[in-house]
Every structure is written in C-alpha cells, then in structure tokens.
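Just so you know, all these numbers are worked out from the coordinates, no wet-lab data involved. This one's a predicted model, so the numbers in the text were calculated from it and none came from an experiment. Ideal geometry is used to build each Cβ from the backbone, glycine not excepted, and the neighbour counts take in all protein chains shown.
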Amino acid sequence: MAAIKSVMVGTTRVDPPEIVGGCRIITLPKIADVRGNLSYVEGGRHIPFAIRRAYWIYDVPGGALRGGHAYHKLEEFIIAASGSFDVVVDDGMERQVVQLNRSYLGLYVPSMVWRQIENFSSNSVTLILGSLPYSEEDYLRDYEAFARARHEGRK
Ligand code: TYD
C-alpha cells in the first residue's frame, strides 16, 4: 500500500481541509438532551447519496482488520455508532488514517478509494451506510489492480 501521509483525529479535526480520494468528515446534527443525545442522517441532505443499504460491524476481536478493498461504484458513509476505530483511506498514491470516535461524526468515502478499518476499541460498533445494494462484483480486492485502475483514471 502507499505510504501514510498524515493522521487526523476526529475529536479535534472535525473539518479537515483535505482527505485523500475525495473523502471527507461530515458533522451530523446532534440534539443534546439530558435524557441522552440524538444524531441523525438523511441521504441526499447530510450525505451526498441516497441510502440504499445499512450494515454494521460489531463484536470485533482485538487486533482484527476489516475492509481491505475498494468499490467500483459504491459510496459509503462510516459512523462510529459506539467506541472508536481508525479508517485508513488510500487513493493509490497517498494514504491517510482517520480516527472516528464520536457518534455525530462520519467519514464519507467515495467510490474507488481503498479502505481498511482497524484499531477497534472494545465494544465498538461501526455503522456503514451505502449508496447501493450489496454486490460482490463491485469489489476491488486486489490492491495492485486497484492502484493501476486509479492510475489509468488519472491519465
Ligand atoms: P466484506 O464487505 O468483505 O466485509 P468488510 O466490512 O470487512 O469489508 O463482507 C464480509 C462478508 O459479508 C462477505 O462474505 C460479503 C458479506 N456481506 C453481505 O452479504 N452483505 C453486505 O451488505 C456486506 C457489507 C457484506
């Protein structure tokens, strides 16, 4: 994989200038209440796609890695619904690590961005909203093939 360029921490950098591959941190509404906080997300309003799918990753054993692929077409929005983890994003040239650790922050990841999720805290829940239904054909699971496709796309 490409070299890591920089590290950003969700708590302190809610509006980072640039994340590789067109990724960006989006701050969601937060309704603070003594009974507990509430956040929400509407497709096409807070995030730049209509939501066609939601899935979540939980009960992650210590040291496990998720992801490790890109998608041809799928766009995703990744939220730390509970706990924290790092999302490593890579456009075939540069790599950045984005730590998510607040339930009102999410990371928008466009298509054709390699991602890996790691460093999960215990009891973390990763909520992922997607622009398309599941399709194995949409996955790019070979990093070199992904980097070549990105390179071709830049010409
Ligand atoms: P995968 O996307 O490889 O997991 P990760 O989140 O680590 O990238 O998916 C793991 C398995 O789950 C794989 O067999 C496909 C299946 N799966 C579905 O059936 N539907 C889904 O929406 C997702 C995300 C995965």
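A few remarks follow.
- Cα shape, segment 18-67, gyration tensor, a/c 1.5 rule: oblate
- Extension reserve of the Y134-Y40 stretch, reckoned as 0.36 nm per residue once the Cα distance is removed: 31.6 nm
- Computed from the Cβ-Cβ distance with R0 of 35 Å, the FRET efficiency linking N119 to E152 stands at 0.65.
- Our coupling estimate for segment 64-78, obtained by passing each phi through the Karplus curve with A = 6.51, B = -1.76, C = 1.60 and θ = phi - 60°, is 6, 10, 10, x, x, 5, 10, 10, 4, 10, 5, 9, 9, 10, 10 Hz, Gly and Pro reported as x.
- Between D59 and E94, residue separation times 0.36 nm minus the direct Cα-Cα distance comes to 9.6 nm.
- Amide H partners (placed H, <5 Å) of S103, local residues excluded: none
- Comparing mean-square fluctuations of R24, R95, R45 from a GNM of the chain with C-alpha springs under 10 Å, the top value falls on R45.
- 10 Å binning of all Cα-Cα separations within the chain, expressed as whole percents from 0 upward: 11, 41, 38, 9, 1, 0
- Anisotropy class of segment 50-99 from Cα gyration tensor, a/c 1.5 cut: oblate
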